[in-house]
Amino acid sequence: MTAMTREMPVLVVSARARRAAMKKRFEKLLFLLAALTVLMIVLLPLLWMVASSFKPNVELFQRPPKIFAQAPTLEHYVELWEFTSFPLYFLNTFLVAGISCLAGVVISLFTVYAITRFEFIAARAFAFGVLFIYMLPPILLALPFFRIWYNLNMLNSLWALGITYLTITLPFSLWILRPYIEAIPRALEEAAMIDGCTRFQAFRKVIVPQAWPGIVASFVFTFVVVWNELLYSLVLISDETKRTVSLGIASLILETSVYSWGLVNAAGVVATVPVLFLFAFAARQMASGIGAGAVKG
Amino acid sequence: MATIDIKAIWKAYGTHPVIFGIDFAIPDGAFVVLVGPSGCGKSTLLRMIAGLEDISSGEILIDDKIVNDMPPKDRDIAMVFQNYALYPHLTVKENMAFSLRLRKEKRATVDERVNRAAEILGLMPLLDRYPKALSGGQRQRVAMGRAIVRDASVFLFDEPLSNLDAKLRVQMRTELKALHQRLKTTTVYVTHDQIEAMTMADIIVVMQEGVIMQLGTPLELYDKPANRFVAGFIGSPAMNFFEGGIQAGIFVTEGGLRLPLPVAGEAYPGGSVTYGIRPEHFTVDAAGVPARVLVIEPTGSETQILAEIGGQEVLAVFRERHALNPGDEIRLLPDTEQAHLFNSKDGERI
Amino acid sequence: MGLSIAEAKRRAVPPPFNRRKTMTTDRKIGLLLLLPLVVLVLGLTVYPIVQVISLAFQQQSLYSPESTFVGLANFNAVVSHEGFTRSVSNTFVFTFGSLALQMAMGLPIALLLNKEFPLRSPIRGVMLFSYLVPYVVAAMTWKFMFSDATGILNYWVRALSLPMPASPFGSLDWAMAGVIFVNSWKNFPFMVIVFLAQLQTIDRQLYEAASVDGATAWQQFYKITLPSLLPIMLVVGMLRTIWNFNNFEVVFLLTQGGPIGRTETLPLYIYRFVFGEFSLGRGAALAVIVFFVLLIMSAIYWRLYERTQERFK
Ligand SMILES: Nc1ncnc2c1ncn2[C@@H]1O[C@H](COP(=O)(O)OP(=O)(O)O)[C@@H](O)[C@H]1O
Ligand SMILES: [Mg+2]
């Protein structure tokens with residue numbers, strides 16, 4: 001009898017607990033299903049693009065459309081590589097994005113360091129004001145930039161395009177880097193200077209490794225933004241050999257009325273891959289945190 | 001080895017001064033402690049010696065050379081920061097070797113010096129760890145290791161023990177002192193803890209609000225505090241104070257309490273006076289003043305008694321054991337030789 | 001030695017602190033580090049803005065060096081142009097239509113992704129894809145899916161006889177909805193990121209306390225979640241309003257402002273003036289107008305933001 005009364009409540013509680021746990025598991029499953037459904041909105045158009053890029057032309061016109069290719073082919077990729085200037089567009093875009101993002105990150109690094117360490121009040125306000133550039137309509141800046149580069153005879157110059165992109169990369173990397181640099185204790189570089197560093201050495205050996213995740217983040221994010229940019233390249237570049245990837249695809253979409261859709265899809269896939277790859281890389285770098293910034297010696 | 005001279009040093013942030021023309025000299029090999037309540041300018045002064053802070057006016061000399069415009073790296077100093085400032089991206093070993101590598105020392109020399117420092121500090125098993133995998137005490141040791149591998153001619157410490165727990169703090173205090181006795185490096189040590197100052201210093205500099213209140217050996221400060229501030233700051237438990245005046249060679253409070261005077265006070269012309277007596281300088285004696293026991297706290301080695309004298313709470317400490325209970329009426333006799341008199345107006349010793 | 005503080009301070013005659021007659025080398029380095037930014041901002045922002053403002057007052061053709069001062073003539077011309085009111089109203093419909101849809105997608109999805117379920121973090125990552133892909137890719141895939149003869153959605157709209165055109169981007173009535181949708185599809189993840197970050201800062205104990213007090217899920221959302229999201233919603237709302245307002249790519253790639261101007265927003269209108277009709281002066285005048293409209297809208301948002309900050313602090 002006593003054994004029973006002792007056991008009873010235990011049984012009741014555990015049954016209730018089990019029911020609660022089951023309800024929780026059911027809820028989690030429900031959330032997962034909902035999330036996957038929502039995810040499809042994002043993913044389906046992109047999957048459709050990838051799938052279509054592998055379809056031979058006949059299948060592209062097949063009705064009703066099938067999602068996956070029955071006779072997958074690389075012909076569109078081959079065409080992209082061999083018969084269009086896209087390889088060149090890639091090179092151009094890497095060059096332009098590389099220049100403007102690297103310059104943007106380095107200059108932001110200097111700026112943020114100067115305003116957080118030297119207490120120039122006016123400079124602080126100024127750097128904050130730079131974010132305002134990011135709010136300006138690109139079309140507003142595109143007009144004078146066209147004029148400026150035209151006057152300097154630098155339309156169709158990738159350098160000019162890269163410098164123009166600084167209006168995007170500078171404010172953006174300034175904004176990303178600031179919290180990273182501000183979080184580094186001053187004592188660290190003071191210790192380095194007492195240990196025998198010049199200010200510059202302390203910057204290189206302490207600040208840069210500490211801010212490394214932020215540096216990677218700003219480089220990647222500005223790179224993605226520049227990689228995706230269209231308006232400035234549309235306005236400043238008319239020479240076919242100087243096009244960026246975005247401009248190349250835009251021209252494909254706009255110039256040909258009967259698109260060769262297979263080719264456009266393949267170009268779209270190839271334009272998307274570097275962006276997603278870089279993003280995944282940055283996410284890993286930032287997640288692994290400070291340790292990843294360790295430098296030798 | 002080095003001497004340090006601080007000459008009429010001022011520091012102002014903007015136009016707001018925080019250090020007011022400080023002067024003192026540190027002899028070669030001395031362990032000097034800057035002590036004072038937080039915000040009094042100790043760190044600022046230390047950082048000026050290190051070269052991390054501009055000097056607004058005055059001169060600092062290290063080994064008779066003016067260093068005002070010399071960058072920290074050329075001053076041949078080592079410093080331990082309150083939060084240790086270990087480089088998070090370097091291992092313990094790399095942290096300690098950092099300065100030697102900068103000087104392009106040979107690999108063998110670096111290894112040897114790092115290993116020697118690590119042995120002294122018991123860091124050998126931790127050499128390959130990163131700072132985030134260390135306990136507070138271990139980090140503290142690494143910070144010290146980083147300083148001693150340098151063979152610098154001056155050590156600067158800014159409250160290096162304040163982030164440790166009480167037991168570790170006492171232990172490190174002893175180790176630091178032992179280290180100094182071994183290396184004999186000129187040391188400037190900042191703390192707000194007067195016990196640290198008393199136990200470690202050759203010379204203590206007591207500061208308040210950017211001004212030196214007194215400079216001297218620990219015992220000088222204890223025996224002859226130059227003013228009421230130092231008297232109250234140095235010594236634990238703190239000195240008891242009574243406000244009053246001198247009438248016919250006797251100290252009298254407003255409440256009518258009468259206390260015998262030390263010799264120095266007998267000829268004092270008048271005006272209000274503060275009478276200071278340390279808790280350990282009372283004896284239970286029939287010739288003393290009447291006191292009522294409020295609280296008794298035996299610690300084993302001594303007994304602390306909180307008593308009421310003339311309407312004021314007074315602390316007394318006895319080495320010997322008295323059979324007392326709260327509420328007991330006793331008589332406490334101050335040792336006049338150990339009593340201190342201060343001018344109530346400006347706090348100066350009389 | 002051994003003075004009282006007051007006495008010591010009185011005796012110490014403060015020397016004239018040399019108010020940086022000679023700046024320390026350290027500060028010089030600091031200024032040097034700031035130099036590139038200052039130069040670039042002057043060259044890449046201040047100078048172009050000054051130029052665009054001055055262009056707005058000149059008769060100036062795109063490729064000709066000659067220009068004449070014409071006062072407000074450009075402003076008069078663009079404002080009285082038949083396309084002006086249309087593109088202004090298109091811009092507002094596009095901007096706020098997109099904002100509403102982006103919010104409507106972003107908020108619930110952020111709330112969902114804030115729940116606990118398996119695979120949550122990879123799903124969060126993949127949810128950003130549409131924000132990361134280039135505008136050209138976003139435009140291309142949607143255009144492709146609705147294209148005649150090849151589009152999958154085009155086929156299904158016809159096959160299921162859905163009450164919408166099979167090629168919405170070419171339809172007078174549906175083109176605007178189409179560009180708003182693609183713009184929102186592309187940009188809603190921005191809202192998700194920001195809202196998620198904010199949701200993670202809300203103290204869980206607030207919800208626990210509320211449920212102990214008997215608040216329903218809906219009440220918890222209304223009393224705890226929403227108020228803590230409100231300030232950030234305003235900030236994000238302002239950013240997205242500005243970016244939607246400035247957006248050129250989506251419309252340009254999908255409809256180029258058509259059909260017959262139904263989707264022509266101000267950036268496209270400016271683009272057409274300048275690069276279609278080669279009138280740099282008029283384009284500049286329009287750009288200046290756009291700039292001031294944006295400034296006014298930002299000011300309004302700022303006021304709202306400050307007011308919510310006061311209420312919830
Ligand atoms: N960068 C600064 N700007 C303005 N005032 C400061 C600055 N650093 C310290 N102070 C002030 O100087 C005084 C002394 O500070 P500090 O030397 O850090 O005191 P502590 O004795 O506690 O180490 C304090 O009143 C502090 O507020
Ligand atoms: Mg301090």
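So which of A:Leu88, A:Leu60 ends up being within 30 Å of C:Met145 (Cβ to Cβ) and at pLDDT 90 or above? Before you say what the answer is, go through the steps one by one.
Values: A:Leu60 fails: at pLDDT 90 or above.
Just one listed residue meets the conditions, A:Leu88.
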## Note on the structure
Out of (1) touching a residue at least 40 places away in the same chain (Cβ under 8 Å); (2) within 11 Å of chain A (Cβ to nearest Cβ), the one C:Leu230 does not meet is (2)
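Quick one: is A:Ala191 modelled with pLDDT of 90 or more, surrounded by 17 or more Cβ atoms within 10 Å (Cβ to Cβ) and within 26 Å of C:Phe292 (Cβ to Cβ)?
Details: modelled with pLDDT of 90 or more: yes; surrounded by 17 or more Cβ atoms within 10 Å (Cβ to Cβ): yes; within 26 Å of C:Phe292 (Cβ to Cβ): no.
Considered against the rule, which asks whether it is modelled with pLDDT of 90 or more, surrounded by 17 or more Cβ atoms within 10 Å (Cβ to Cβ) and within 26 Å of C:Phe292 (Cβ to Cβ), A:Ala191 comes out as no.
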### Message
Among the residues that make up segment B:1-11, is at least one of them assigned to a loop (DSSP other than H, G, I, E, B), more than 26 Å from B:Asn83 (Cα to Cα), within 13 Å of chain C (Cβ to nearest Cβ) and over 19 Å from the mean Cα position of the chain (by Cα)?
### Response
no
### Query
What are the residue pairs meeting all of these: first residue in segment A:177-200, first residue in contact (Cβ under 8 Å) with a residue 40 or more places away in the chain, second residue of a type in the set (Phe, Trp, Tyr), Cβ atoms under 7 Å, and 6 or more apart or on different chains?
A:Ile181/A:Tyr113
### Query
Does segment B:68-95 hold any residues that are over 26 Å from the mean Cα position of the chain (by Cα) and of a type in the set (A, V, I, L, M, F, W, C), and which are they?
B:Met70, B:Leu90, B:Val92
### Query
Of the conditions (1) of a type outside the set (S, T, N, Q); (2) in contact with a helix residue (DSSP H, G or I) (Cβ under 9 Å, 6 or more places away or on another chain); (3) assigned to a strand (DSSP E or B); (4) farther than 21 Å from A:Ile207 by Cβ, B:Leu61 fails just one. Which one is it?
(2)
## Note on the structure
Residues of segment B:311-348 being within 14 Å of chain C (Cβ to nearest Cβ) and either farther than 17 Å from B:Gly245 by Cβ or assigned to a loop (DSSP other than H, G, I, E, B) (or both), in sequence order, are B:Ser344, B:Lys345, B:Asp346, B:Gly347
### Query
Out of curiosity, is A:Ala103 under 19 Å from the mean Cα position of the chain (by Cα) and within 11 Å of another protein chain (Cβ to nearest Cβ)?
yes
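Only helices (runs of 4 or more DSSP H) wholly contained in segment C:201-313 count here; list those with 2 or more residues that are buried (at least 19 other Cβ atoms within 10 Å of the Cβ). Before you say what the answer is, go through the steps one by one.
On the way: elements: C:204-212, C:217-220, C:226-246, C:249-254, C:266-271, C:280-312.
Fully inside segment C:201-313 and qualifying: C:226-246, C:249-254, C:266-271, C:280-312.
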### Message
Between C:Met176, C:Met191, which is in contact with a Ser or Thr (Cβ under 8 Å, 6 or more places away or on another chain), of a type outside the set (Ser, Thr, Tyr), crowded, with 18+ Cβ neighbours inside 10 Å and more than 11 Å from every other protein chain (Cβ to nearest Cβ)?
### Response
C:Met176
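Could you check segment B:70-101 and list, in sequence order, the residues that are hydrophobic (A, V, I, L, M, F, W, C) and either free of Cβ contacts under 8 Å to residues at least 12 places away in the same chain or assigned to a loop (DSSP other than H, G, I, E, B) (or both)?
We begin by selecting, within segment B:70-101, every residue hydrophobic (A, V, I, L, M, F, W, C); these are B:70, B:77-81, B:85-86, B:90, B:92, B:96-98, B:100.
Passing the criteria: B:Met70, B:Phe81, B:Ala85, B:Leu86, B:Leu90.
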### Scan of segment B:311-345 for residues that are touching a strand residue (DSSP E or B) at 6+ places or on another chain (Cβ under 8 Å), over 21 Å from B:Ser301 (Cβ atoms), touching a residue at least 60 places away in the same chain (Cβ under 8 Å) and surrounded by fewer than 17 Cβ atoms within 10 Å (Cβ to Cβ), ordered by number
B:Gln312, B:Thr336, B:Lys345
### Task
Would you check if B:Glu94 is within 14 Å of ligand 2 (Cβ to nearest atom), charged (D, E, K, R) and out of contact with any strand residue (DSSP E or B) (no Cβ under 6 Å at 6 or more places or on another chain)?
no
### Message
Tell me yes or no: at least one residue of segment B:60-80 is closer than 26 Å to B:Leu179 by Cα and either of a type in the set (S, T, N, Q) or within 16 Å of ligand 2 (Cβ to nearest atom) (or both).
### Response
yes
### Query
When residues of segment A:202-213 are filtered for being in contact with a helix residue (DSSP H, G or I) (Cβ under 7 Å, 6 or more places away or on another chain) and free of Cβ contacts under 8 Å to residues at least 40 places away in the same chain, how many remain?
2
### Task
Could you look through segment B:18-51, keep only residues that are assigned to a strand (DSSP E or B) and surrounded by fewer than 20 Cβ atoms within 10 Å (Cβ to Cβ), and pick out the one that is nearest to ligand 1 (Cβ to nearest atom)?
B:Val18
### Query
Looking only at segment B:157-182, which residues are under 16 Å from B:Val33 (Cβ atoms), within 16 Å of ligand 2 (Cβ to nearest atom) and not hydroxyl-bearing (Ser, Thr, Tyr)?
B:Phe157, B:Asp158, B:Glu159, B:Pro160, B:Leu161
### Message
So, in segment B:257-289, how many residues would count as being more than 31 Å from the chain's Cα centre (by Cα) and modelled with pLDDT of 90 or more?
### Response
0
### Task
Give segment B:183-206 a look and list any residue that's outside any helix (DSSP H, G or I), away from ligand 2 (no atom under 16 Å from the Cβ) and not hydrophobic (A, V, I, L, M, F, W, C), or say none.
B:Lys184, B:Thr185, B:Thr186, B:Thr187, B:Asp202
### Summary
Counted residues in segment B:69-82 being within 14 Å of B:Phe157 (Cβ to Cβ) and more than 16 Å from ligand 1 (Cβ to nearest atom) come to 2
### Message
Between B:Leu102, B:Leu86, B:Leu183, which is of a type outside the set (Ser, Thr, Tyr) and either away from chain A (no Cβ under 14 Å) or closer than 26 Å to B:Asp5 by Cα (or both)?
### Response
B:Leu183
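I'd like to know if segment A:235-242 contains one or more residues that are hydrophobic (A, V, I, L, M, F, W, C), crowded, with 20+ Cβ neighbours inside 10 Å, more than 10 Å from every other protein chain (Cβ to nearest Cβ) and within 18 Å of A:Leu91 (Cα to Cα).
yes
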### Message
Given the condition closer than 30 Å to C:Leu266 by Cα and either touching an Asp or Glu at 6+ places or on another chain (Cβ under 7 Å) or modelled with pLDDT under 85 (or both), answer yes or no: does some residue in segment C:88-96 qualify?
### Response
yes
### Message
Could you tell me how many of the residues in segment B:161-206 are of a type in the set (A, V, I, L, M, F, W, C), within 15 Å of ligand 1 (Cβ to nearest atom) and within 22 Å of B:Pro237 (Cβ to Cβ)?
### Response
4
### Message
So, in segment A:55-99, how many residues would count as being away from chain C (no Cβ under 14 Å) and in a loop (DSSP other than H, G, I, E, B)?
### Response
7
### Subset of segment B:149-160 that is more than 19 Å from B:Leu123 (Cα to Cα) and either polar (S, T, N, Q) or more than 16 Å from ligand 1 (Cβ to nearest atom) (or both) - its residue that is farthest from the other protein chains (Cβ to nearest Cβ)
B:Ser153
### Query
Can we say B:Ile66 is surrounded by fewer than 22 Cβ atoms within 10 Å (Cβ to Cβ), over 17 Å from B:Val188 (Cα atoms), away from ligand 1 (no atom under 12 Å from the Cβ) and of a type in the set (A, V, I, L, M, F, W, C)?
yes
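The values are calculated or read from the model by the stated rules, or taken from the named source; none is laboratory data. Predicted, not measured: the structure shown is a model, and the values here were computed from it. Virtual Cβ from ideal backbone geometry, glycine too; neighbours counted across all protein chains shown.
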